[in-house]
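Working notes, beginning with the structure itself.
Throughout, read-outs are computed from the coordinates displayed, never taken from laboratory work. Quick caveat: nothing in here was measured; it's all calculated off a predicted structure. Virtual Cβ from ideal backbone geometry, glycine too; neighbours counted across all protein chains shown.
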Amino acid sequence: MTENHRDTRAIHVGQDPDAAFGAVSVPIFQNSTFAQTDIADPKVWDYGRSGNPTRDAFERALASLEGGERCFAFASGMAAETTLLLTLRPGDHVVLADDVYGGTYRLLTRVLGPWGLELTTCDLGDADALADAIRPDTRFVWVETPSNPMLKVVDIEAVAALAHASGTRVVVDNTFASPALQQPLRLGADVVVHSVTKYIGGHSDLIGGAVVTSDADLIDAVGFLVNAVGAVPGPMDAFLALRGLRTLGVRMRRHSDNAAAIVAYLVGHSMVNQVYYPGLPDHPGHGIAAEQMAAFGGMVSFVVDTAEEAARIARGTRLFVLAESLGGVESLIELPGPMTHASVSGSDLEVPAELVRLSVGLEHPDDLIADLEQAFG
Ligand SMILES: *Cc1c(COP(=O)(O)O)cnc(C)c1O
């Protein structure tokens, strides 16, 4: 039997009608513990930290969309990243892309650095630089593509080939593309991490994270830590994450179409000096993005003349909400320098102060363009 398409699996995998009452959508099992058949003999579930049926449904569906053996859900993207990194040992080394989510950089430098992990940041588009950065004790090469907020594209297949030649695993933060547009495990990555908070949740109403892998050792190690560390999502958040996941495909296509319309507007605007979007033919990663992504996503960044100009635009929109985060149905605008990327100011990851980032939502594109037009003034 051939496997169903991704849009179909998003709605059916792990989501058979409930055995007890036939509920068509997966119920919220809002309980902390489960009655056992006998001492040391749970029916299926025992305690809510180690597992919950609502969380399990979400994990099965997301594992299927990423093409992975196993997914573990977490209380946040940072909880997912922390738990994955705790599979390493003090003294181990990580190579990190030089343009990643500020919180990932902060976790590695300020939390896990003192704990004992060693870190090298690297432009993963430069094969020589990556080959130099990988050491015998390098355990992970950590990729984010498209990246945040510069929308850099990394060739996952090329990085995986290089890393695997040295016995190093590749982690891809797939938050920006989501499995609807890109499946890193199929391109050779060993692990995918997500901030479920963003496109997967999709409605700006939950914080969540996930780790997906087919690597048997990592499944054991992360599975142990899920229970030992306990950074798990509650049943309600798992339910919301699953509800978001069911419409991911249709939302990502519309996010991508809307973003393309806004990019076409921005490129022609006299006050915009540069637009960063992987769908632009002159974007340095366009060719790779066209190969490894089904569409180019909903995130757009652009540069204007001054930081003051950027602030005026960000304050001036009416539909685009001035807010951090991304991936929801409503469009958001923010200045990465003083907002999402404030934690990397003064570091290798510092971003231009004149940069504006848009999370393009699902409103009608004409209304979004009219809103930007009045904000530019
Ligand atoms: C938001 C985000 C994270 C962190 O996720 P939280 O759910 O906020 O903890 C990690 N990576 C990327 C790319 C993000 O956008």
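What you get for the range 241-377, charging only the Cβ of Lys and Arg (+1) and of Asp and Glu (-1), is a dipole of about 600 debye around the Cα centre.
Normalising the Debye intensity of the range 249-376 to I(0), with uniform scatterers on Cα atoms only, and taking log10 at q = 0.09, 0.23 Å⁻¹ returns -0.23, -1.49.
Enter the angle in degrees (range 0 to 90, nearest 10) between the Cα long axis of helix 216-229 and the first principal axis of the Cα atoms of the chain, meaning the one along which they spread out most. Rounded to the nearest ten degrees, it is 90. Projecting the Cα atoms of 15, 328, 191 onto the charge dipole of the chain, computed from C-beta unit charges around the Cα centre, puts 15 farthest toward the positive end. Counting beta carbons within 10 Å around each of 313, 39 and listing the fewest first gives the order 39, 313.
Normalised by 2.2 N^0.38 Å, where N is the number of residues, the C-alpha radius of gyration of the range 151-274 stands at 1.27.
For a quick check of your reading of the filter: which trypsin sites (Lys or Arg not before Pro) in the range 1-65 sit in a DSSP loop and have no more than 15 other Cβ atoms within 10 Å?
Passing both the DSSP loop test and the Cβ count: 43, 49.
Give the calculated FRET efficiency between residue 8 and residue 158 to the nearest 0.05, with a Förster radius of 25 Å applied to their Cβ-Cβ distance. My answer for the efficiency is 0.20. Would any residue of the range 95-114 have its amide N under 12 Å from a label point 7 Å out along Cα→Cβ of residue 123? List them or say none. Backbone N within reach: 98-99.
Using θ = phi - 60° in the Karplus curve 6.51 cos²θ - 1.76 cosθ + 1.60, the 3J(HN,Hα) couplings for the range 257-271 round to 5, 5, 4, 4, 5, 5, 4, 4, 5, 5, 4, x, 8, 5, 8 Hz; x is entered for Gly and Pro. Restriction of the trypsin sites (Lys or Arg not before Pro) in the range 279-377 to DSSP coil positions whose beta-carbon has at most 15 other beta-carbons within 10 angstrom yields 318. For the peptides 200-206, 363-369, the ranking by packing is 200-206, 363-369, with the highest mean count of neighbouring Cβ atoms within 10 Å listed first.
Note that the range 184-200 has calculated 3J(HN,Hα) couplings of x, 5, 5, 9, x, 5, 9, 9, 10, 10, 9, 8, 5, 3, 8, 5, 5 Hz, one per residue in order, obtained from phi through the Karplus relation 6.51 cos²θ - 1.76 cosθ + 1.60 (θ = phi - 60°); glycine and proline are x.
In a simple Cβ point-charge model (Lys, Arg +1; Asp, Glu -1; nothing else charged), the chain has a dipole of about 800 debye relative to its Cα centre.
Cβ crowding within 10 Å ranks 29, 21, 34 as 21, 34, 29, fewest other Cβ atoms first. Fraction of C-alpha pairs exceeding 27 angstrom in the chain: 48 percent, rounded to a whole number.
Taking 7 Å steps out from each Cα toward its Cβ at residue 37 and residue 261 produces label points 5.6 nm apart. Derived scalar couplings between HN and Hα for the range 144-159 equal 10, 8, x, 8, 10, x, 8, 6, 6, 10, 10, 6, 4, 4, 5, 5 Hz in order, rounded to whole Hz, by the Karplus curve 6.51 cos²θ - 1.76 cosθ + 1.60 (θ = phi - 60°), x for Gly and Pro. Electrostatic tally near residue 366: other residues with Cβ closer than 15 Å to its Cβ, Lys and Arg +1, Asp and Glu -1, net -3.
Residues 156, 28, arranged from fewest to most other Cβ atoms within 10 angstrom of their Cβ, appear as 28, 156. Note on residue 322 and residue 286: their simple-model spin labels are 3.4 nm apart, each label 7 Å out from Cα toward Cβ.
With the gyration tensor restricted to C-alpha atoms of the range 64-183, the semi-axes of the equivalent ellipsoid amount to 20, 18, 15 Å, longest first. With the charge dipole of the chain set up from +1 on Lys and Arg Cβ and -1 on Asp and Glu Cβ about the Cα centre, the Cα lying farthest toward the positive end among the listed residues 249, 340, 164 is that of 249. For the range 1-82, the set of GluC sites (Glu not before Pro) satisfying both a DSSP loop assignment and a count of at most 12 other C-beta atoms within 10 Å is given as 3. Taking amide H as placed 1.01 Å from N in the peptide plane, residue 322 has its amide H under 5 Å from the amide H of 333, each at least 5 places away in sequence or on another chain.
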